[in-house]
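Colleague: For reference, the structure I am asking about is given below.
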Amino acid sequence: MLTPVLPCRRVGSGETLVLVHGYLGGASQWSAEIDFLSPYFDVVAVNLAGYGDAHHLSAPSEIADHARAVLATLDHLGVNRFHSLGHSMGGMVVQELVKLAPARVNKLVLYGTGPQGSLPGRFETMGRSRERLAEDGLVRTAKRICATWLLDKEESPAYEALAALAVHSSEQAARAGLFAMERWDGRDHLQAIQQTTLIVWGEGDRSYGWSQIEKLWRTIPNASLAVLPTCSHALHLERPALFHALLLEFLQPGARA
């Protein structure tokens, strides 16, 4: 299978920061982060195959293949070294980036993610999500799942935009993503991650429980942990100012917004 060059949004100048979204996401979810960070970085927000502006591409069923596509896209853009941030399934993808090309990744941000793709303690098993996808279809399943990513679910001001992006995914990608995550396990590689790493987690996250976060924090050699209160899995939409301040201080210490 040919590795595709992914559609992406690129804004700013300076050191490159690559943003990788998660399951049922897309590059457009990072609009506020791009606006905030582009004065400091060359921000590249990719659309993984099957999601967002890449919904027409066939999604792989292996996390490593998503990572290869991100690397191919960066090669196409002429980007050699970069910082990387991955959210949720995107956090698995960036852990694979480090495994595939460790010399190319500078600092690493693992946001609302973990080292075990089966997601123990998730609001429902991957198998049940696949069943619901087959029973209910993409639109109902995507809306139902993305509601769990917000502390106030459908009542959150961020819900409508999040749901609109989620349903823009292809049904093939929704199915393949569940298989890709369930089969992926990055625990054996954590000690090999030498990058300075920031782990960001919302205390109300219904997808990734504390055991996943603690495993990252205690096993990656150069890891720091930030737990954000009163927010859930999509905390960049619930606590944007705090999230942005954390990112800027970690990636460019001493910079002032």
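Just so it is clear, none of the values below were taken in a lab; they were calculated from the coordinates. Please read these numbers as outputs of a predicted model, since none were measured by experiment. With ideal geometry, Cβ positions are generated from the backbone for all residues, glycine too; neighbour counts draw on all protein chains shown.
Colleague: For the range 191-234, rounded, prolate or oblate, judged on the Cα gyration tensor with a ≥ b ≥ c (square roots of eigenvalues), a/c < 1.5 rounded, else prolate if a/b > b/c?
Modeller: Prolate, because a/c is 1.5 or more and a/b exceeds b/c.
Colleague: Output the relative contact order of the range 40-79, whole-number percent, from Cα pairs under 8 angstrom with separation of 6+ residues.
Modeller: Working: 20 pairs, mean separation 10.9, N = 40.
Across the range 40-79, relative contact order equals 27 percent.
Colleague: Run the numbers for SER38 and VAL227: contour at 0.36 nm per residue of separation, minus the present Cα-Cα distance, in nm. Write down the numbers at each step before the final one.
Modeller: Numbers: separation 189, 0.36 × 189 = 68.04 nm, distance 2.47 nm.
Here the answer is 65.6 nm.
Colleague: Subtracting the Cα-Cα distance from 0.36 nm times the residue separation, let me have the gained length for GLU15 to HIS189 in nm, one decimal.
Modeller: 60.0 nm is the gain from fully extending GLU15 to HIS189.
Colleague: Which ³J(HN,Hα) values, rounded to whole Hz and listed in residue order, are derived for the range 4-13 from phi using the Karplus coefficients 6.51, -1.76 and 1.60 in 6.51 cos²θ - 1.76 cosθ + 1.60 with θ = phi - 60°, glycine and proline given as x?
Modeller: x, 8, 8, x, 8, 10, 10, 9, x, 8
Colleague: Still on this structure, please answer the following. Quick one: which residues, 5 or more positions from VAL18 or on another chain, have an amide H under 5 Å from its amide H? H modelled 1.01 Å from N in the peptide plane, none for Pro or chain starts.
Modeller: Under 5 Å from the amide H of VAL18: VAL44, HIS83, SER84, LEU85.
Colleague: Considering only the chain, what is the antiparallel percent among its DSSP beta bridges, to the nearest 5?
Modeller: Of the beta bridges lying entirely in the chain, close to 20 percent run antiparallel.
Colleague: Using Cα positions and a limit of under 22 Å, work out the lysines in reach of LYS99, with same-chain residues fewer than 8 apart set aside.
Modeller: LYS107, LYS215
Colleague: Classify the chain as rounded, prolate or oblate from the Cα gyration tensor: take a ≥ b ≥ c as the square roots of its eigenvalues, call it rounded if a/c is under 1.5, otherwise prolate when a/b beats b/c and oblate if not.
Modeller: rounded
Colleague: Within the range 86-130, whose backbone N sits under 16 Å from a point 7 Å along Cα→Cβ of ASP75?
Modeller: Backbone N within reach: 97-105.
Colleague: Pairs of Cα atoms under 8 Å, at least six residues apart: use those to get the relative contact order of the chain, whole percent.
Modeller: Numbers: 528 pairs, mean separation 52.8, N = 257.
Answer for the chain is 21 percent.
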